[in-house]
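First comes the structure, then the notes that go with it.
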Amino acid sequence: MALPEAWSIKTRAHQCALTETKFEDQQEFYTAIFPDPESSGYLRMDFSIEAWEDRPEELMKPFSFWKNTYEVALHEEKQEVVTKESAEELLSRLIEEDQEHTENARYILAVMLERKKLLKETDKQQTPNGILRIYEHKKNGEIYIVLDPNIPLDQVEQVQKEVSELLDGDKKEEEEEEEEEEEAPEKDNNSEKTDDTDTPAEIESPEKTEEDNATDSNSETE
């Protein structure tokens with residue numbers, strides 16, 4: 001069963017949600033996920049240690065929370081993330097679309113990225129729909145909420161195959177687009193050549209007519 005509402009992936013904040021004090025590099029803080037009172041989704045909030053411990057009683061009970069360490073993002077790290085985007089982007093897209101038939105693929109992708117040490121599982125929560133596993137990106141702090149579909153062992157290989165086909169499909173589309181871009185200039189050049197060959201034919205036609213007229217005039221004079 002799909003999540004009640006598509007979970008929009010949220011990256012970590014750069015300041016405390018209560019005090020609005022900016023986090024410093026290597027500062028510990030708390031990340032918490034709350035039920036969204038305005039929808040059936042969730043809200044992410046980040047708190048300094050002091051603000052979390054002294055949080056007001058009227059603050060709703062969190063669905064999940066864990067301690068984090070704030071790290072200033074480096075340009076090199078961002079570039080590294082971009083180069084490894086295939087599986088991450090696919091997981092993000094499938095989570096945003098939140099279609100029930102992709103639940104198995106989402107879970108396999110999350111486990112695969114966890115094994116590559118790009119994601120870490122921060123928590124899991126039992127819900128009426130099953131276990132929700134909460135993953136966090138180690139570098140940019142983005143959160144992925146994935147339903148554990150409890151895939152039977154005899155179906156794991158088939159799901160892995162489906163994930164591979166999805167990843168290969170994205171690569172094939174990129175290759176096809178690149179091929180189309182490469183072919184486009186060749187088509188334009190061919191079009192220009194065609195125009196050049198047509199022009200002489202149009203020019204020759206009047207010249208032949210003048211010769212024919214000259215021949216006819218000589219015939220009349222004789």
- Message: Only counting other Cβ atoms within 10 Å, I'd like 14, 137, 101 sorted with the fewest neighbours first.
- Response: 101, 14, 137
- Most packed first (mean Cβ within 10 Å per residue), the peptides 140-152, 38-50 order as 140-152, 38-50
- Message: Could you give me D for the stretch 28-151, from Stokes-Einstein at 4 °C and 1.567 mPa s, where the hydrodynamic radius is the Kirkwood radius over C-alpha pairs? Units µm² s⁻¹, please.
- Response: 82
- Message: So for the stretch 28-151, averaging the separation of alpha carbon pairs under 8 Å that are six or more residues apart and normalising by length, what relative contact order in percent results?
- Response: 19
- Of 61/116; 22/67; 67/161; 61/161; 22/120, which pairs sit farther than 28 Å apart, going by alpha carbon to alpha carbon? 61/116; 67/161; 61/161
- Task: Using a 10 Å cut-off on Cβ atoms, rank the peptides 106-113, 154-161, 54-61 from the highest mean neighbour count down.
- Result: 106-113, 154-161, 54-61
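Coordinate-derived values only; no laboratory data. The shown structure was predicted, so the numbers you read here are calculated from the model rather than taken from an experiment. Every residue, glycine among them, receives a Cβ derived from its backbone with ideal geometry; neighbour counts consider all protein chains shown.
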